[in-house]
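The block underneath contains the structure these notes are about, expressed in structure tokens.
The values are calculated or read from the model by the stated rules, or taken from the named source; none is laboratory data. None of the values given here were measured: they were computed from a predicted structure. Cβ coordinates were reconstructed from backbone atoms using ideal geometry, including for glycine residues, and neighbour counts include every protein chain displayed. What goes into the accessible areas is simple: the full protein's heavy atoms, side chains included, and nothing from ligands, DNA or RNA. Shrake-Rupley method; radii C 1.70, N 1.55, O 1.52, S 1.80 Å.
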Amino acid sequence: MMASDSVIEITGLSKTYGSGKNQTLALDRLDLSVLRGEIFGYLGPNGAGKTTTIRLLLDLIRPSAGSASIFGLDIRADSVEIRRRIGFFPAELSLWEGRTGDQIIHYVASVRGDTRSIAKHADELAERLDLDTTKRVRDLSSGNKRKLGLVIGMMHSPELLILDEPTGGLDPLVQQTFHTMMDEYRAKGKTVFLSSHVLSEVQAICDRVGILRDGELKAVESVEKITDVEFHWVDVGFRDAIPAGLQQTLEGMPSITDVSTNGARVRMRMIGDFDPLLRAIGAGYVESLHIEEPTLEDIFLAYYSGDKEN
Ligand code: ADP
């Protein structure tokens, strides 16, 4: 991989909060490259260290160790230049409670230069996200504040967007609009780094995903590849009842785990070929058969449990 292909380059980045007994290692020697033109999903449960990473990248907090660069510029020494070129949720929103969306948009647009065209794009974005920009920030719901943050982050069409939980609190229709916007970003060759704890969302919009847990990066993989694992969820519905002894047989099969039953249905997680399962079913009359691909959540859990076994 050529260095010029990466937009964000993170090396050994660590953050410890507090001191003495109250120390929290929020980020533990993170190494990560985000490539030009990709939508990178930074995935992890609450408390994993996602916000910490993003605040470090935006130079809102200082690393305890390690370094990172964006466009080859150092996140600490060159933060002003970096902020000019990227889009992000404005941390200042809370300081502007008495201002309207329009006032903030115009102010930030004027700082960014080319006020008119940026403000025009902001209007389009606000309309698509169904945001009323005439209201004061203090009168906006948390979802609408999030929308205003998105508009301000995206209005200057930055080459890199860094977003922390962008769709948290947005209703499903607006989330869908945001997903479409991300597709448009990808089509334009722009780069997005977004955090999420919603696996289906990352699955829907990202090219690659990094899985963070307890401050440690557990895996980085393409969404395609991570979804292309060889296990399936299989749900077999019998006409009358589950054949006697089938559940025990399935539980004893090496390729099958997580067997559960519900009336005349049996559900299981199956690895590899279907033949052993079909033979085990034998003469039972199968009324329905459902095969599901694993969700990212399943894969996520598999990473977790795999880690616990180590
Ligand atoms: P995420 O964004 O994935 O939910 P965070 O980066 O917010 O995770 O938090 C990572 C860890 O660091 C958590 O254990 C959290 O409690 C802790 N943490 C975050 N911010 C602070 C802070 N300002 N002071 C002390 N601990 C913090």
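Using alpha-carbon pairs under 8 Å, 6+ residues apart, how would you state the relative contact order of the chain in percent? The partial results should precede the final answer.
Details: 545 pairs, mean separation 58.5, N = 310.
Across the chain, relative contact order equals 19 percent.
Mean residue ellipticity at 222 nm from the helices of the chain, using -39,500 (n - 2.57) per DSSP H segment of n ≥ 4 over the full residue count, to the nearest 500 deg cm²/dmol?
Details: 11 runs with 110 residues, N = 310.
Computed ellipticity for the chain at 222 nm equals -10500 deg cm²/dmol.
Quick one: compute the contact order of segment 137-216, relative version, from alpha carbon pairs under 8 angstrom and 6+ residues apart, as a percent. Working shown, then result.
Values: 55 pairs, mean separation 24.5, N = 80.
Rounded, it is 31 percent for segment 137-216.
Mind checking the per residue accessible area of segment 61-187 for me, 1.4 Å probe, whole number of Å²?
Details: 6200 Å² over 127 residues.
Solvent-accessible surface per residue comes out at 49 Å².
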*asked:* Which of VAL34, VAL259, VAL137 ends up with the largest GNM mean-square fluctuation for the chain, with Cα atoms connected below 10 Å?
replied: VAL259
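Order the peptides 154-161, 234-241 from the highest to the lowest mean number of other Cβ atoms within 10 Å of their residues. Before the final figure, lay out the partial values.
Numbers: 154-161: 20.4, 234-241: 15.1.
Top to bottom by mean Cβ count within 10 Å: 154-161, 234-241.
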*For LYS50, go through the lysines and keep the ones whose alpha-carbon is under 29 Å away, minus same-chain ones fewer than eight residues off.*
LYS15, LYS21, LYS145, LYS147, LYS188, LYS190, LYS218, LYS225, LYS308
*asked:* Using only the alpha-carbon atoms, how far is helix 172-187 inclined from the longest principal axis of the chain? Give it as 0 to 90 degrees, nearest 10.
replied: 70
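Give the peptides 108-114, 273-279 in descending order of average Cβ contacts within 10 Å, highest first.
Details: 108-114: 15.1, 273-279: 12.7.
Descending packing order for the listed peptides: 108-114, 273-279.
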*How far is helix 296-309 tilted off the main Cα axis of the chain, in degrees rounded to 10, range 0 to 90?*
80
*For the chain, which whole-number percentage of the solvent-accessible area (1.4 Å probe, protein heavy atoms only) is attributable to carbon and sulfur atoms?*
48
*Relative to the longest principal axis of the C-alpha atoms of the chain, give the angle of the C-alpha long axis of helix 101-112, reported between 0 and 90° and rounded to the nearest 10°.*
70
